[in-house]
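**Student:** The following block contains the structure, expressed as structure tokens.
The values are calculated or read from the model by the stated rules, or taken from the named source; none is laboratory data. Worth saying up front: this structure is predicted, and the values here are computed from it rather than measured. Methodologically, a virtual Cβ is constructed for each residue, glycine included, from the backbone with ideal geometry; neighbour enumeration extends over all protein chains shown.
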Amino acid sequence: MSSSRGGAGAAAAAGGGGSAKSNVVKSRGRIRVRGEGMVQGTTQAASAQLAEIVVGSQSFRTLRQHKGGVQKVLTTYADAIAKAEKLGRAFELVIKVHPDRTRPAIEEREAPGDALDEALAAARQRGAQRVAEIMKLPHMLSARAFAPLIGASHETVNQKRKSGEILALDGATRGLRYPKWQVTDDGRLLPGLGDLVRELTGGPWTVYRFLLNGHPELNGETGLEALKVGRVSEVVEVARGISHGTFA
């Protein structure tokens, strides 16, 4: 750390009548921050690894006696900035200062959000719990359990999932699960499912909700009920309207 006092006094003596400017500068001090392993070389290269922070004279006199603490605070602050920018969340730094001049204790913790943040977090938690409940339902099958229903191997089931012919839902802990109801009583895949997957581009859970929700355009029937009775074109049209943001 360096003070601005000496330089200011020299400027006032050389300039004559510069006492007003000198008094302003004297009231401040400069903290110089240097990067570790600073490269020795040109002035330009050296200055690129230096930064100065101007503080009040009283603050300067205090901080120059606690260089280690200042270093710890600035380093922790820089780490918190990097973490907040990477994760997109706010963090708090709680600094505990001791009267015996030992280095400060710094606690970093995630900052509490506002009411909206808390509501969104609660909604996400409820959503995660609901997903877990759905994945545990008896009709949610693994690929090996689903494959015999359509007379195929589990490798074929996986291929058909990738091509959009079969619906599979991904849970946090149970892996992929295949709803049993997408197979008809005679062992065929649900008609129109592939077209539905292509129209509803929000992913498997979007398709799942569409199939199990009732729709006024289908006289209140769910997408699944309508597909099972052969109303494929009507179901796909409703899905297309939802996907494009138009409603009947």
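**Student:** For region 103-222, list the strands (runs of 3 or more DSSP E) that sit wholly inside it and hold at least 2 residues that are not assigned by TED's automatic domain parsing to the domain that holds A239; which are they? Even if it seems obvious, please write down each step before you answer.
**Tutor:** Working: elements: 105-110, 169-171, 175-179.
Those strands (runs of 3 or more DSSP E) span 105-110.
**Student:** Just checking, does region 147-167 include any residue being in contact with a Pro (Cβ under 8 Å, 6 or more places away or on another chain) and in contact (Cβ under 8 Å) with a residue 24 or more places away in the chain?
**Tutor:** Yes - at least one qualifying residue is present in region 147-167.
**Student:** Every residue in region 153-188 that is surrounded by 17 or more Cβ atoms within 10 Å (Cβ to Cβ) and aliphatic (A, V, I, L, M), please.
**Tutor:** V157, I166, L167, A168, L169, L176, V183
**Student:** Please work out which one of (1) touching a residue at least 24 places away in the same chain (Cβ under 8 Å); (2) outside any loop (DSSP other than H, G, I, E, B); (3) over 30 Å from V183 (Cβ atoms); (4) not aliphatic (A, V, I, L, M) is the condition Q65 fails and give its number.
**Tutor:** (2)
**Student:** Have a look at G230, G203, G214 and point out the one that is small (G, A, S), exposed (fewer than 14 other Cβ atoms within 10 Å of the Cβ) and closer than 17 Å to G245 by Cα. Outline the logic, then answer.
**Tutor:** Details: G230 fails: closer than 17 Å to G245 by Cα; G214 fails: closer than 17 Å to G245 by Cα.
Result: G203 is the single residue among G230, G203, G214 that is small (G, A, S), exposed (fewer than 14 other Cβ atoms within 10 Å of the Cβ) and closer than 17 Å to G245 by Cα.
**Student:** I would also like to ask the following. Please enumerate the residues belonging to region 64-102 that are polar (S, T, N, Q) and either assigned by TED's automatic domain parsing to the domain that holds R32 or exposed (fewer than 13 other Cβ atoms within 10 Å of the Cβ) (or both).
**Tutor:** First, the residues of region 64-102 that are polar (S, T, N, Q): 65, 71, 75-76, 102.
Matches in region 64-102: Q65, Q71, T75, T102.
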